[in-house]
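To start, the structure under review is shown below, and the notes come after it.
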Amino acid sequence: MKAIQSKIPGCYLLRYQKRSDLRGDFIKMFNADDFTRLGLDTTFCEQYYSWSARNVVRGMHFQLPPYDHAKVVHCFAGVILDVVIDLRIDSPAFGQAAIHTLTSDDPAAIYAPRGCAHGFCGLADRNGTLYSVTSGYVPQADAGVLWNSVDVDWPLDNPIISLRDAGFPALADFQSPFRM
């Protein structure tokens, strides 16, 4: 695994080595020693996957402290534009976005640290994502900021957004409790 630091401290693009032969492909997605060397949390408590159509926007999600979590996101089918926003008020990247295109053809993932909002939009007709998080889901800590209030050039014309995500406050109106 090769970790590429984004402009957000602690947020990495993780590139994996793909081994291919006549049977297909093999990719090691997680090695605790590699994560530990980078100082990344490896105490994954829950794992989810989602399927999203083209133009679906999911985000910008996070959990409030003390239930905040780090997240690793893989695209196992299709193509997504993945976005991480730094919400840590003492971070040099506060309010900034780390944006990466993830595709099932190029084995990579995003590691989003605690104190960051995460979201993505589907760019293919069918997009599969796998998320691993370091804390369990707590409904009363579930939160987000409005997807189009962040400085991101989303490549879509007619976004498909849940009522929940459309009701989040704008980033400028969010009083962040997060610190590095």
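The values are calculated or read from the model by the stated rules, or taken from the named source; none is laboratory data. Predicted model, so just to flag it, every value in this text is computed and none were measured. As a convention, Cβ positions derive from the backbone with ideal geometry for all residues, glycine included, and neighbour counts pool all protein chains shown.
For the range 69-123, residues that are in contact with a strand residue (DSSP E or B) (Cβ under 8 Å, 6 or more places away or on another chain) and more than 22 Å from K18 (Cβ to Cβ) total 24.
Taking the range 5-47, which residues are exposed (fewer than 12 other Cβ atoms within 10 Å of the Cβ), closer than 25 Å to Q63 by Cα and at pLDDT 95 or above? Listed by number, the residues that qualify are C45, Q47.
Taken together, the residues in the range 77-96 that are out of contact with any Pro (no Cβ under 8 Å at 6 or more places or on another chain) and either under 24 Å from K28 (Cα atoms) or surrounded by fewer than 21 Cβ atoms within 10 Å (Cβ to Cβ) (or both) amount to 12.
Taking every residue in the range 159-172 that is within 22 Å of F94 (Cβ to Cβ) and pairing it with any residue that is surrounded by 10 or more Cβ atoms within 10 Å (Cβ to Cβ), at least 6 positions away or on another chain, the pairs with Cβ-Cβ distances below 6 Å are F168/G144; F168/V145; F168/L146; A170/L146; A170/S149; L171/V145; L171/S149; L171/V150.
Taken over the range 1-30, the residue count meeting the criterion of being of a type in the set (S, T, N, Q) and within 19 Å of the chain's Cα centre (by Cα) is 2. Every test in (1) of a type in the set (S, T, N, Q); (2) assigned to a strand (DSSP E or B); (3) exposed (fewer than 14 other Cβ atoms within 10 Å of the Cβ) is passed by N158 save one, and that test is (2).
Set side by side, the residues Q17, Q96 differ, and just one is touching a residue at least 40 places away in the same chain (Cβ under 8 Å) and more than 29 Å from D153 (Cα to Cα), which is Q17. From the residues in the range 103-114 that are in contact with a Gly (Cβ under 9 Å, 6 or more places away or on another chain) and modelled with pLDDT of 95 or more, which one is surrounded by the fewest Cβ atoms within 10 Å (Cβ to Cβ)? Of everything passing the filter in the range 103-114, T103 is surrounded by the fewest Cβ atoms within 10 Å (Cβ to Cβ).
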